[in-house]
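Contents: one structure, followed by commentary.
The values are calculated or read from the model by the stated rules, or taken from the named source; none is laboratory data. Everything numeric here is computed off the predicted structure, so don't read it as measured data. Here the Cβ positions follow ideal geometry from the backbone for every residue, glycine too, while neighbour counts run over all protein chains shown. In case anyone asks, the SASA skips ligands and DNA or RNA and just uses the protein heavy atoms, side chains included. Shrake-Rupley method; radii C 1.70, N 1.55, O 1.52, S 1.80 Å.
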Amino acid sequence: MKKVDFENLILFDNEDYLVINKPPYLSSLDDRHEAQNILDLAKTHIPDSQLCHRLDKETSGCLVIAKNPAAYRHLAMQFESRKVNKVYHAVVEGIKEFSNELVDRNLLANNKGIAKVSKDGKPAQTIFNTLKTYYAHTLVECKPITGRLHQIRVHLAYLKSPICGDTLYGGNPLYLSSIKRRFNLKKETEELPIMQRVSLHAYSIGFKGLDDTEIFVNAPYPKDFKVLVTQLEKTS
């Protein structure tokens, strides 16, 4: 992955917090397989940086970084009391009409980092709303109340609405040939999925600053997610 310019990721900046638009394929924390990660990049910008939460490596979007210990503690308490408002957008398989659909199913993660619905797991709740339906897919708004591993992905799979590209939880890659009429692929060319990752983006986050002012930030879609939605729009 080419060197990331941290300054270009910043969506919000005050004396206590940074909110960035995390690119896909970049780990939040140290990854021995990668030369760079968000925490190291943040520390070159602000030495006392601490990540207030994490996003999966493939997931893009809003990520909050505290600039000092007091800011970190303040937001950690809001996460603990479930007062942080997080909204994700996902493209799922099938036509779904979700209206404040609450999935309240415990999740259990194994030592390989794979989660499943299990009564022996930890409580997990997510609310889903349909944003737009297409010919055979749906753009869904996901509001996680808790923050379990792969929560949105597993809860959508539980609703039989796996996220496109999420092969770990039953989703299939989405190819242009499957949604575009008269699609011609050049001979001897292998078709790649429109989006080569899980189609999930952390669209917005809302929390209170140290002075109790409301902070609300939106993260624009990265290029691959934007291309996917644009192609689906053409076929709807």
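Hey, can you tell me all the residues within segment 195-236 that are within 28 Å of SER178 (Cβ to Cβ), under 19 Å from the mean Cα position of the chain (by Cα) and not hydrophobic (A, V, I, L, M, F, W, C)?
Hits for segment 195-236 are GLN196, ARG197, SER199, HIS201, TYR203, PRO220, TYR221, PRO222, LYS223, ASP224, LYS226, THR230.
Results for (1) among the charged types (D, E, K, R); (2) closer than 28 Å to LEU18 by Cα; (3) in contact with a His (Cβ under 7 Å, 6 or more places away or on another chain); (4) at pLDDT below 95, shown as yes or no for each residue.
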{"position": "ALA42", "(1), (2), (3), (4)": "no, yes, no, no"}
{"position": "SER49", "(1), (2), (3), (4)": "no, yes, no, no"}
{"position": "CYS52", "(1), (2), (3), (4)": "no, yes, no, no"}
{"position": "GLY61", "(1), (2), (3), (4)": "no, yes, yes, no"}
{"position": "HIS89", "(1), (2), (3), (4)": "no, yes, yes, no"}
{"position": "GLU93", "(1), (2), (3), (4)": "yes, no, yes, no"}
{"position": "LYS96", "(1), (2), (3), (4)": "yes, no, no, no"}
{"position": "ASN106", "(1), (2), (3), (4)": "no, no, no, no"}
{"position": "ALA109", "(1), (2), (3), (4)": "no, no, no, no"}
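Tell me which residues, restricted to segment 96-122, are in a loop (DSSP other than H, G, I, E, B) and either in contact with a helix residue (DSSP H, G or I) (Cβ under 8 Å, 6 or more places away or on another chain) or loosely packed, with under 15 Cβ neighbours inside 10 Å (or both). If you could, list the steps in order and put the result at the bottom.
Residues of segment 96-122 in a loop (DSSP other than H, G, I, E, B): 96-100, 105-106, 110-114, 118-121.
If the condition is that a residue be in a loop (DSSP other than H, G, I, E, B) and either in contact with a helix residue (DSSP H, G or I) (Cβ under 8 Å, 6 or more places away or on another chain) or loosely packed, with under 15 Cβ neighbours inside 10 Å (or both), then GLU97, SER99, ASN100, ARG105, ASN110, ASN111, LYS112, GLY113, ILE114, SER118, LYS119, ASP120 are the ones that fit.
Would you confirm, using the coordinates I've provided, whether GLU190 is in contact with a strand residue (DSSP E or B) (Cβ under 7 Å, 6 or more places away or on another chain) and either open to solvent by 80 Å² or more (accessible area, probe 1.4 Å) or farther than 21 Å from THR126 by Cα (or both)? Walk me through how you get there before you give the answer.
On the way: in contact with a strand residue (DSSP E or B) (Cβ under 7 Å, 6 or more places away or on another chain): no; either open to solvent by 80 Å² or more (accessible area, probe 1.4 Å) or farther than 21 Å from THR126 by Cα (or both): yes.
Judged against the criteria, GLU190 is not a match.
Which one of the conditions (1) over 22 Å from VAL19 (Cβ atoms); (2) out of contact with any Cys (no Cβ under 9 Å at 6 or more places or on another chain); (3) buried (at least 17 other Cβ atoms within 10 Å of the Cβ) does PRO144 fail to meet, given that it meets all the rest?
Condition not satisfied by PRO144: (1).
Please determine, by comparing only the residues of segment 41-95 that are on the phi > 0 side of the Ramachandran plot and part of a loop (DSSP other than H, G, I, E, B), which one is most open to solvent (accessible area, probe 1.4 Å). Give the steps one after another, and end with the answer.
Residues of segment 41-95 that are on the phi > 0 side of the Ramachandran plot, as a first pass: 61, 82, 94.
Now drop any that are not part of a loop (DSSP other than H, G, I, E, B), which leaves 82, 94.
On the way: ARG82: 120, GLY94: 25 Å².
Once the filter is applied, the top-ranked residue is ARG82.
Does segment 123-139 hold any residues that are open to solvent by 40 Å² or more (accessible area, probe 1.4 Å) and touching a strand residue (DSSP E or B) at 6+ places or on another chain (Cβ under 6 Å), and which are they?
ILE127, LEU131, LYS132
So which residues in segment 31-40 are assigned to a loop (DSSP other than H, G, I, E, B) and either in contact with a strand residue (DSSP E or B) (Cβ under 7 Å, 6 or more places away or on another chain) or modelled with pLDDT of 95 or more (or both), if there are any at all?
The first filter runs over segment 31-40 and keeps only residues assigned to a loop (DSSP other than H, G, I, E, B), leaving 31-37.
The answer is none; no residue qualifies.
Among the residues of segment 163-174, count how many are open to solvent by less than 80 Å² (accessible area, probe 1.4 Å), in contact with a Pro (Cβ under 8 Å, 6 or more places away or on another chain) and free of Cβ contacts under 8 Å to residues at least 60 places away in the same chain.
The total comes to 4.
For segment 139-155, which residues satisfy the criterion of being of a type in the set (A, V, I, L, M) and in contact with a helix residue (DSSP H, G or I) (Cβ under 8 Å, 6 or more places away or on another chain)? Walk me through how you get there before you give the answer.
Kept after step one, since they are of a type in the set (A, V, I, L, M), are these residues of segment 139-155: 139-140, 145, 149, 152, 154.
Correct list: LEU139, VAL140, VAL154.
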